[in-house]
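The values are calculated or read from the model by the stated rules, or taken from the named source; none is laboratory data. In this text, all values refer to a predicted model and were calculated from it rather than measured experimentally. Using ideal geometry, Cβ is built from the backbone for each residue, glycine included, and neighbour counts are taken over all protein chains shown.
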Amino acid sequence: MYTQAMDLAPKEEQRHVRSLEEVELMRRFDAKIDAGDYVEPKDWMPEHYRKTLVRQISQHAHSEVVGMLPEGNWVTRAPTLKRKTILLAKIQDEAGHGLYLYSAAETLGTSRDEMQAALHSGKAKYSSIFNYPTLTWADMGVIGWLVDGAAIMNQVPLTRCSYAPYARAMVRICREESFHQRQGFDALNVMMREGTPEQRAMVQDATNRWWWPSLMMFGPPDAESVHGTQNMRWGIKRISNDDLRQKFIDATAEQAKVLGVTLPDPELKWNEARGHHDFGPIDWAEFWRVVGGDGPCNKERLAARVKAYDDGAWVRDAALAYARKQATRQEAA
Ligand code: 3HC
């Protein structure tokens, strides 16, 4: 007997003949998703659901960890002790997010070593946004305002993701991302209100450079999103790429007015009939170039991660040796 139910696996997998038992398991899984219930690690799940979660959660974890690099660039050059402390706390939060997410992915039967090997070999993706350089201090504020702002818009619906460990991790991550967004907006607000003309120009320049890449964070248009439809049916994603992007633009256009910066899109304007802002075309060729490894900082980012991993080998070895020693002592006691 053949069934596809909600599991639209790749073509070869769809030809796989399912046993009656599997069909029943699938039926119960679909019913659970339809009822809005959560899936726990030990529950039965279709292989394609498991794989798509490993893909998304590990990409997300890699994004958090690679995302520390552009900001790490400014720790030693933060203008005041207060701003340095905030920046350090934010970067540490991102490391924590990476750890929660790698742990959530591990509950699906993949190991951290496998995920990291995929990142370091260039096989795994991470968010396109972290392949852009951070040229001035205003970039730190704009990353908080726009990049973390886009991340929250995308990630709040993930607190209702059907896979429970991912949803639970996202609750805490979103609380912390909200602080990240606010600290960025606050830093920019101070520069715009109390700063010199040069500082205001710096904020405008950073906004010009980060606006379009931030819109690309939501992924390709719905019509070109490979995983979108299936992920929505499985309750992994709750809102589509285009709808999230529109919500972000609507919210941010108002925030830009409060800050006193201009968003670099001459076609951006409120459309009363749609109840949304219209906006100009996004350069999807640039997006795919960056995703494909040819962005301004792809090589630098990956090299930094590989170096950090290699430099940390002695720490992992020491931790393992200590754990072995503890285990031997406990066995002997
Ligand atoms: N950067 C890199 N790759 C991207 C991308 C982006 N901005 N947007 C989409 N892609 C990739 C997809 O991963 C997919 O490639 P794959 O098949 O090789 O995995 C391909 O482009 C097609 O995209 P789809 O729309 O079909 O993919 P999804 O349905 O998975 O949607 C997504 C993409 C919206 C990014 C989704 O995976 C998602 O919501 N992920 C969780 C959130 C996340 O990863 N956020 C990272 C942002 S930054 C961050 O978290 C750090 C914070 O501190 C700022």
Matching residues, the range 127-142, being over 11 Å from the mean Cα position of the chain (by Cα) and either at pLDDT below 95 or within 14 Å of M216 (Cα to Cα) (or both): N131, Y132
Pair list, Cβ under 7 Å, 6 or more apart: the range 122-140 residue within 14 Å of W212 (Cα to Cα) and in contact (Cβ under 8 Å) with a residue 40 or more places away in the chain, other residue assigned to a helix (DSSP H, G or I) and of a type in the set (K, R): F130/R301; N131/R301
Does the range 212-230 hold any residues that are near the ligand (Cβ under 8 Å from one of its atoms) and either closer than 16 Å to I143 by Cα or in contact with a Phe, Trp or Tyr (Cβ under 7 Å, 6 or more places away or on another chain) (or both), and which are they? M216, M217, F218, P220
Quick check on this structure: which one of R209, R245, R233 is over 21 Å from V147 (Cβ atoms), in contact (Cβ under 8 Å) with a residue 24 or more places away in the chain and either within 11 Å of the ligand (Cβ to nearest atom) or basic (K, R) (or both)? R233
Among (1) more than 27 Å from R245 (Cβ to Cβ); (2) away from the ligand (no atom under 12 Å from the Cβ); (3) hydrophobic (A, V, I, L, M, F, W, C), the one test that L119 misses: (1)
If E267 satisfies all but one of (1) over 30 Å from A35 (Cβ atoms); (2) within 13 Å of the ligand (Cβ to nearest atom); (3) not β-branched (V, I, T), what's the number of the condition it fails? (2)
Restricting attention to the range 121-141, report how many residues are assigned to a helix (DSSP H, G or I), under 18 Å from F287 (Cβ atoms) and aliphatic (A, V, I, L, M). 1
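Yes/no per residue for (1) closer than 20 Å to K84 by Cα; (2) touching a helix residue (DSSP H, G or I) at 6+ places or on another chain (Cβ under 7 Å); (3) assigned to a helix (DSSP H, G or I); (4) not basic (K, R):
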residue	(1), (2), (3), (4)
L119	no, yes, yes, yes
I143	yes, yes, yes, yes
D148	yes, yes, yes, yes
V156	no, yes, yes, yes
A167	no, yes, yes, yes
M170	no, yes, yes, yes
E177	yes, yes, yes, yes
Q204	no, no, yes, yes
Considering only residues that are in contact with a Phe, Trp or Tyr (Cβ under 8 Å, 6 or more places away or on another chain) and in a loop (DSSP other than H, G, I, E, B), look in the range 254-282 and name the one that is farthest from S214 (Cα to Cα). E267
Within the range 167-190, how many residues are of a type in the set (V, I, T) and buried (at least 18 other Cβ atoms within 10 Å of the Cβ)? 1
